[in-house]
Amino acid sequence: MATEAASYFSRELLAWYRENKRDLPWRKNRDPYRIWVSEVMLQQTRVDTVIPYYERFMEKFPTAAALAAAPEAEVLKCWEGLGYYSRARNLQAGAREVVERHIGIVPDDKQAVSALRGIGPYTAGAIMSIAFNRPEPAVDGNVMRVLSRYFCLEDDIAKPATRVSIEKLAASLIPEGAAGDFNQGLMELGALVCTPKSPGCLTCPVMAHCEGRMAGKEHILPIKTKAKPPRPETRIAALIAGTGERAGQLLVRQRPESGLLAQMWELPHVAAAAPSAGDDGDGDGDGGKKRGRTSARKAASSEVPAEERAVHMDWLTRTLAAEDHVLVRADSWWGSAEHIFSHIIWDVQVYRAEFGFMLQDASGDSSGITAQAVAETAAAYELSEALPLPANYRWIGPEHMRELAFPNVFLRILRDYWELAD
């Protein structure tokens, strides 16, 4: 695009960035692996949040080879709290491909980089432009917002065709020999000045030719179709405290190898009975917003009504027996937490529970199991102390929190529990 407004935009943005760019750890050099890690971490996560995670991650996994060789559990633990854990898994899978295909060195080749696991058009463009100064666009939400406002583009940015057209526009604006700085300048402008709700037009380096501002549309651009809101889902979780040799420990379980929050650890929990129930879906989230504070010290007004608590506790007993063959007796409400994934809102109601035993009959028939039955007629169920816990269950103390990776919602619950237990 060879217009006066386009030339002005490229020239002034580049000068502004070089004068005002933030001192960020991934800008210390042009190592493509470091840039790759930073771009993956920055997806749907604020810069201030990413910095300490990035520094710890790079200290632990300084090269693609180091990341490729690490146990997945160690990588997830290092990622714990950042959310969207599929990013970590894909990053490690991509690092293993770099080792296998490119002797551990991220290649200076767009096609080869784009072929790596988890790398889409934006990340490929960022790596190629920032690390190798190739004139490739790197279009994310910040960039689409900036260009939609500056050029007063009113196409829906949620549509793939709009993204493609903005990528072509962004590529045409890259000054010769300055792809890395220009693309970072675009991202920086969107993050610091041309923000979603309160654009700082008076401090914008390209305000003079901004068509969206001149049309009075800076607050309504970009146009974006609203996503379907996440569905609500109540989860009933068990705080199962050990006794005797297990005193001071809690029973936790590991999630399946695929699906939502794959292979992470959690408190045993079940979906509430209909209409609140829903399946876990196929996505991998946990990067959403958290509302409220998980704590046993929450105000009484926030507690679940007594009648509903009784239903929850009975359902928890029945469902854990049916699904995992673990027999427990829930006895009191402990607290709650809410977590918003990309497609689900979890309302987690937490109950204290006592561990009974493992059901030897693996038929899954829980029709006769109730909390009352657990308390009064445990002898009716075949019991063998020799029976181990299911492979995905284990007892932990606070010291194990350093080695096991938990989703944010359970991390908060457990931290509150250990804090209160001290």
Could you give the distance between the Cα centres of the range 119-161 and the range 168-204, to the whole Å? 10 Å
SASA check, M41, accessible area w/ 1.4 Å probe, all protein chains in place, rounded to nearest 10 Å², comes out at 0 Å²
Using the structure shown, list the pairs from K168/K226; K168/K228; K168/K224; K110/K217 with a Cα-Cα distance above 30 Å, or answer none. K110/K217
Using a 1.4 Å probe and ignoring any ligands, DNA or RNA, find the accessible area of W395 and quote it in Å² to the nearest 10. 30 Å²
Leaving out ligands and nucleic acids, and using a 1.4 Å probe, what accessible area per residue does the range 1-132 come to in Å²? 46 Å²
List the trypsin sites (Lys or Arg not before Pro) within the range 1-93 that DSSP assigns to loop and that have no more than 16 neighbouring Cβ atoms inside 10 Å. K21, R22, K28, R30, R46
Each residue of the range 322-333 in order: what ³J(HN,Hα) in whole Hz does its phi give by Karplus 6.51 cos²θ - 1.76 cosθ + 1.60, θ = phi - 60°, with x for Gly and Pro? 6, 7, 10, 6, 9, 9, 10, 10, 6, 10, 6, 6
Per-residue HN-Hα couplings for the range 228-241 [Karplus 6.51, -1.76, 1.60; θ = phi - 60°; Hz; x = Gly/Pro]: 5, x, x, 7, x, 8, 8, 10, 10, 10, 10, 8, 9, 8
FRET efficiency for Q111 and A262, using Cβ-Cβ distance with R0 set to 45 Å, rounded to 0.05: 0.95
Give the Cα extents of the range 1-54 along the principal axes, in whole Å, largest first. 42, 21, 21
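The values are calculated or read from the model by the stated rules, or taken from the named source; none is laboratory data. In this text, all values refer to a predicted model and were calculated from it rather than measured experimentally. Counting neighbours? That spans all protein chains shown, and the Cβs are built from the backbone with ideal geometry, glycine included. The accessibility values were calculated without ligands, DNA or RNA, using every heavy atom of the protein model including side chains. Shrake-Rupley method; radii C 1.70, N 1.55, O 1.52, S 1.80 Å.
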